[in-house]
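Report on one structure; see the data block that follows.
The values are calculated or read from the model by the stated rules, or taken from the named source; none is laboratory data. Note that the structure is a prediction, hence the values are computed from the model and not measured. Note that we place each Cβ from the backbone using ideal geometry, even for glycine, and neighbour counts take in every protein chain shown. Side chains are part of the model used for accessible areas, which takes the heavy atoms of the whole protein and leaves out ligands, DNA and RNA. Shrake-Rupley method; radii C 1.70, N 1.55, O 1.52, S 1.80 Å.
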Amino acid sequence: MAVARSVTQAPSFIDDLAKDYGTQLTGLTAVPLDTSRFAPQVAGQDALQTQAVSLAGQGVGSYQPFLQQAQTTLGGAEGMLGSGAGSGTGSIQDFMSPYQSSIIDTTLGEFDRNRAMQEQTLRDQQAKLGALGSGRAGVQLSEYGLGADRERALLQAGLLQQGFGQAQAARQQDFQNRFDVFGAQTGLAGALPQLQRADIASLGQVGAAQQLQQQRVLDAQQEANRLQAFEPQGRLDTYGRGIAQLISGYPGSSNVSQTPNLTPLQTALGVASTVGGLFGKPDR
């Protein structure tokens, strides 16, 4: 009796597609991916950030020259404390007008000229009265001379006091000016770091924004490189899924083959042939 066998086979075109998929998969996976093209990258510092760092380093101790100048100014002001007497730097004499002596000499010279004119007038009057040279005339001239001397001394003292007052006011103003300069110098020493920090902050903020933009560009390029590198895999994956759907959804064809049963003689001959093959052929 014959034996029947049934075999289900996919259509030949599906088999061709499967072979093609296997060939492409082998070729694609045989070449390693260059992962450096889509490796993570970090954007470097922007030029403004570098400038901010440099400015921060330069700003350290930049206030010291102003503080040193302020100390020098304060030292000069301290030297002007006290009465201001004497002839050293910062004394009243140092602030006296260089024209003071000329003013005093001119004023006293004019006073002496007027005094001489007044004395001459008195003598003329005494001569008209016939009393010139008398004791009474001498007393009159003496009294006038004493009064004139007092007036001259008062005038000279007033001029000296006026010069002293002006010098004292100038000295006090210079003292105040030194303190004003000291305040301005210390103010600059304090304001300079604040201004530098503001510049550093502005540069840092703008530089950080530009660095962020550059980082976004790098990230976008990284993603583009990754998509490009994996595009063949994605395309082949889509190709394979399509083949799988075809295999699962396409009906296969069935082939039935029948093998007849061997007769006793055929069986015996087959056994003999097998045995002969095992022991070899007999010698002739």
> How much accessible surface does VAL217 have with a 1.4 Å probe, in Å² rounded to 10?
Replying inline: 70
> How far is it, in nm, from the label point at VAL42 to the one at GLN71 when both lie 7 Å from their Cα along the line to the Cβ?
Replying inline: 4.2
> Hey, what do the phi angles of the stretch 179-187 turn into as Karplus ³J(HN,Hα) couplings, whole Hz, using 6.51/-1.76/1.60 and θ = phi - 60°, x for Gly and Pro?
Replying inline: 5, 5, 5, 4, x, 5, 5, 5, x
> How many nm separate the modelled label positions at VAL217 and ASP94, each set 7 Å beyond the Cα in the direction of the Cβ?
Replying inline: 6.3
> THR29 to ASP180: FRET efficiency via 1/(1 + (r/R0)^6), r the Cβ-Cβ distance, R0 51 Å, to the nearest 0.05?
Replying inline: 0.05
> Nearest 20 debye, what's the magnitude of the dipole of the stretch 108-249 about its Cα centre given +1 on Lys and Arg Cβ and -1 on Asp and Glu Cβ?
Replying inline: 140
> Taking the Cβ-Cβ separation of ALA157 and ARG123 as r and a Förster radius of 22 Å, what is the calculated FRET efficiency to the nearest 0.05?
Replying inline: 0.15
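Please compute the net charge surrounding ALA208, taking Lys and Arg as +1 and Asp and Glu as -1 over other residues with Cβ under 14 Å from its Cβ.
Its environment carries a net charge of 0.
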>> Once neighbouring chains are kept in place and the probe is 1.4 Å, which whole percent of the accessible area of the stretch 12-57 is contributed by carbon and sulfur?
In response: 61
>> Report the Rg/Rh value for the stretch 124-225, based on alpha-carbon coordinates and the Kirkwood definition of Rh.
In response: 1.86
> Counting only heavy atoms of protein chains, what accessible area per residue, in Å², does the stretch 100-200 have with a probe of 1.4 Å?
Replying inline: 66
> Ignoring ligands, DNA and RNA, what percent of the accessible area of the stretch 96-169 is carbon or sulfur (1.4 Å)?
Replying inline: 56
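Counting Lys and Arg as +1 and Asp and Glu as -1, what is the net charge of the other residues whose Cβ lies under 11 Å from the Cβ of PHE95?
Net charge in that neighbourhood comes out at -1.
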